[in-house]
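Chemist: Quick one: the structure is below, and I'll ask about it shortly.
The values are calculated or read from the model by the stated rules, or taken from the named source; none is laboratory data. Bear in mind that the values here come from a model prediction, so they are computed numbers and not experimental data. Ideal geometry is used to build each Cβ from the backbone, glycine not excepted, and the neighbour counts take in all protein chains shown.
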Amino acid sequence: MRGERGTPETPTLADAVRAEDRQVLARVAAAPIMPLNNNLVSRPWGGQRLCAYKGVPSTPHQRWGEAFEICAFAEDEEARAHPSIIRLTDGSEVDLPELLAVAGSAILGGDFVATHGCQLPLLPKTLDVGELLSVQAHPEGFTEAYIIIEADEGATIRLGFKRDVDPADLGQRLKGGRQLQQRLLDCLRDGVDLEALQTTLASNFARRAVLADAVLPALESLLRTGADRKIVETLRTLKELYWEVLDLLNEVPVT
């Protein structure tokens, strides 16, 4: 490549990494590897505290729910979409998965690579939970652990079932809920921002005593003509299921 005056551009360290320059790879692998701290992921239930926590500029109209701290795991769809970025000493940047692909053994060690490959089979995250999270269920092999750094007064976490449940029955009810969600989506105008929709519904659903119908005025601009009459019962049933599932779970204080 040549610059504006016809002089060749100096290859960056990132270029050398991608070209698998052995000397550069050895130098990069021997130095501390620090991912950039702004690998933020938008979530409808997120907030703005991650920006202050990370020391990055705030974005008032964006809800940041997660920061992917170290991300280089090809088997996880979201990890592939949000890889960690490494800034090299000359200011050029390279994806961490890309770096590990060419220098994994030097960075991670031969024994680790022999077992797990040139990737990191875990995904540490920092979360800002501004609204109630969706119910999380993880199959074997996807173990999670949480450390609560900060919580508002009175905050709780719902963890595990209070009593035995019939998996087939609960699964069927949740599938029914998904069908209701689809029915709601079918009533929306084309091009509706689904994160904005979830934000609108979350404030209503989180307040148990408030009727689901109360959210209709806020939804009017999002609905197809005449759809408001169709979704009243859908919203009521979804909210009932929402709280039915929460009531099945233990509520553990965290403050």
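Chemist: Return yes when residue 94 is outside the structural domain of residue 193 (by TED's automatic domain parsing), closer than 30 Å to residue 152 by Cα, among the β-branched types (Val, Ile, Thr) and in contact with a strand residue (DSSP E or B) (Cβ under 6 Å, 6 or more places away or on another chain) and no when it is not.
Modeler: So residue 94 does not fit the description; no.
Chemist: Could you grab me the full set of residues in segment 197-219 that are free of Cβ contacts under 8 Å to residues at least 24 places away in the same chain, among the charged types (D, E, K, R) and touching a helix residue (DSSP H, G or I) at 6+ places or on another chain (Cβ under 7 Å)?
Modeler: Listed by number, the list holds a single entry, 213.
Chemist: In addition: For the structure I just gave you, tell me whether residue 165 is more than 20 Å from residue 198 (Cα to Cα) and either modelled with pLDDT of 90 or more or not assigned by TED's automatic domain parsing to the domain that holds residue 243 (or both).
Modeler: So residue 165 fits the description; yes.
Chemist: I've got another one for you. For segment 171-186, what are the residues that are free of Cβ contacts under 8 Å to residues at least 12 places away in the same chain and closer than 30 Å to residue 221 by Cα?
Modeler: Result: 175, 178, 179, 182, 185, 186.
Chemist: Quick check on segment 31-47: of everything there that is in contact (Cβ under 8 Å) with a residue 12 or more places away in the chain and over 14 Å from the mean Cα position of the chain (by Cα), which residue is nearest to residue 202 (Cα to Cα)?
Modeler: 37
Chemist: I'm trying to understand the selection: among the residues of segment 76-117, which are in contact with a helix residue (DSSP H, G or I) (Cβ under 7 Å, 6 or more places away or on another chain) and small (Gly, Ala, Ser)?
Modeler: Selection gives 84, 92, 103, 104, 105, 106.
Chemist: Shifting gears a bit: Pick from 188, 122, 159: which is surrounded by 11 or more Cβ atoms within 10 Å (Cβ to Cβ) and within 30 Å of residue 55 (Cβ to Cβ)?
Modeler: Residue meeting the stated conditions: 122.
Chemist: Going by the conditions given, is residue 20 at pLDDT 90 or above, surrounded by fewer than 19 Cβ atoms within 10 Å (Cβ to Cβ) and touching a helix residue (DSSP H, G or I) at 6+ places or on another chain (Cβ under 9 Å)?
Modeler: yes
Chemist: Residues that are polar (S, T, N, Q) and over 27 Å from residue 155 (Cβ atoms): which helices (runs of 4 or more DSSP H) entirely in segment 172-255 hold 2 or more of them?
Modeler: Correct list: 228-248.
Chemist: Considering only residues of segment 25-43 that are surrounded by fewer than 19 Cβ atoms within 10 Å (Cβ to Cβ) and touching a strand residue (DSSP E or B) at 6+ places or on another chain (Cβ under 9 Å), which is farthest from residue 89 (Cα to Cα)?
Modeler: The qualifying residue farthest from residue 89 (Cα to Cα) is 42.
Chemist: Can you give me the ranges of the helices (runs of 4 or more DSSP H) entirely in segment 55-170 with at least 2 residues that are without any contact (Cβ under 8 Å) to a residue 12 or more places away in the chain and within 29 Å of residue 200 (Cα to Cα)?
Modeler: Because the criterion is at least 2 residues that are without any contact (Cβ under 8 Å) to a residue 12 or more places away in the chain and within 29 Å of residue 200 (Cα to Cα), the helices (runs of 4 or more DSSP H) in segment 55-170 that meet it are 77-81.
Chemist: If you scan segment 177-235, which residues turn out to be β-branched (Val, Ile, Thr) and in contact with a Ser or Thr (Cβ under 7 Å, 6 or more places away or on another chain)?
Modeler: Within segment 177-235, just 215 meets the criteria.
Chemist: Anything in segment 220-252 that is touching a Cys at 6+ places or on another chain (Cβ under 9 Å) and surrounded by 15 or more Cβ atoms within 10 Å (Cβ to Cβ)? List them, or say none.
Modeler: Those that are touching a Cys at 6+ places or on another chain (Cβ under 9 Å) and surrounded by 15 or more Cβ atoms within 10 Å (Cβ to Cβ): 222, 223, 227, 228, 231, 234.
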